[in-house]
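The values are calculated or read from the model by the stated rules, or taken from the named source; none is laboratory data. Quick caveat, the model's predicted, so the values are computed rather than measured. Here the Cβ is made from the backbone with ideal geometry for all residues, glycine too, and neighbour counts use every protein chain on show. For the accessible areas, the whole protein counts, side chains as well, though only heavy atoms, and no ligand, DNA or RNA atoms are used. Shrake-Rupley method; radii C 1.70, N 1.55, O 1.52, S 1.80 Å.
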Amino acid sequence: MQPRPALAFIEGYRYFMEKESEPILDPSGLFVVISQSGETADTLEAIKLAKAQGLATLALCNVDNSSIVREAARTLLLRAGIAKGVASTKAFSAQVLSLWLLALYWGQARGLLSGERQTRELAALRAVVSVMQVQPGVHERLHRLSKRYLHGHGFFFIGRDLFYPLALEGALKLKEISYLHAEGYPAGEMKHGPIALADAELFTIALMARSTLYDKVKSNVEELSARDATLIAITTEYFELADDIIQIRAYDHPMLEFFEMLVVVQLLAMEIAIRLGNDVDRPRNLAKSVTVE
């Protein structure tokens, strides 16, 4: 007699939960963990599990002599300085830069990067310092715009490719310090449900990078505009459907657009939080390290 579907599902779920702590790990692989504090409980348990399975381990961490640093076979210290605020911009920036450097190193070691590509990548990486310097005009504009976005029923940060993780980071920082609902979402998946929320009280921050799938993101934003969503476009040029535009400088490398947009989304979150009267350096209910699983 075949088991009923509901019982079969329950049995399958139980089996999965029992095997959850037995991940498939390749002993020849490198296990990389990322933590600002070096005390994040679930990340610490993950690196212990990887070590037990015989994997080489590498930690990207900002705190020397932390638990994760002591566990890892090799460590790349971020050296971003003390994270005085929970919503730390410098730690995230240092993590992305470190991963970029690692990708370049591994690409070079495997012979996958031409000399021309290496030169281009290193020149872009060195330019990040100047790119992240706050432009006074942009900061002033964000300060003035922030007063328009203190209400509504939520924020959507949307982007594609490497700008999707930046959308997640922008939404995280906004919710951490403003206490407003915010969500990062892949721009191409908006029609799979979230677009049903679109109206004038849904604020959408669109990361419209000229270097990366611009026309596709533009099409996604047009869909939201047709449903009367309020749109903030972070882009290099004028976009006629945007209610507000934060204009960044034009670059020939997507990572430079990434880092300038990073500054913009962080400042926008800060300005909104300050207008709401929040202490941006001591957000409620948050901790610098998560010490429970």
Turns out the strands (runs of 3 or more DSSP E) fully within the stretch 196-293 with at least 3 residues that are over 21 Å from the mean Cα position of the chain (by Cα) are none
Here's a check for you: in the stretch 56-91, which residue that is touching a residue at least 40 places away in the same chain (Cβ under 8 Å) and among the polar types (S, T, N, Q) is farthest from ARG282 (Cα to Cα)? THR89
Which one is surrounded by the most Cβ atoms within 10 Å (Cβ to Cβ), of the residues in the stretch 222-263 that are touching a strand residue (DSSP E or B) at 6+ places or on another chain (Cβ under 8 Å) and among the β-branched types (Val, Ile, Thr)? ILE234
For TYR149, are the conditions met, namely being in contact (Cβ under 8 Å) with a residue 24 or more places away in the chain and closer than 20 Å to VAL280 by Cα? yes
Specify the residue that is farthest from HIS143 (Cα to Cα); the eligible residues are those in the stretch 225-261 that are free of Cβ contacts under 8 Å to residues at least 60 places away in the same chain and β-branched (Val, Ile, Thr). THR236
Can you pull out the residues in the stretch 1-57 that are assigned to a loop (DSSP other than H, G, I, E, B), modelled with pLDDT of 70 or more, more than 17 Å from ALA73 (Cα to Cα) and open to solvent by 50 Å² or more (accessible area, probe 1.4 Å)? GLU22, PRO23, ILE24
Criterion (hydrophobic (A, V, I, L, M, F, W, C), in contact with a Phe, Trp or Tyr (Cβ under 9 Å, 6 or more places away or on another chain) and modelled with pLDDT of 95 or more) met by exactly one of ALA127, ALA123: ALA127
Filter result for the condition that a residue is hydroxyl-bearing (Ser, Thr, Tyr) and under 13 Å from PHE156 (Cβ atoms), over THR230, THR235: THR230
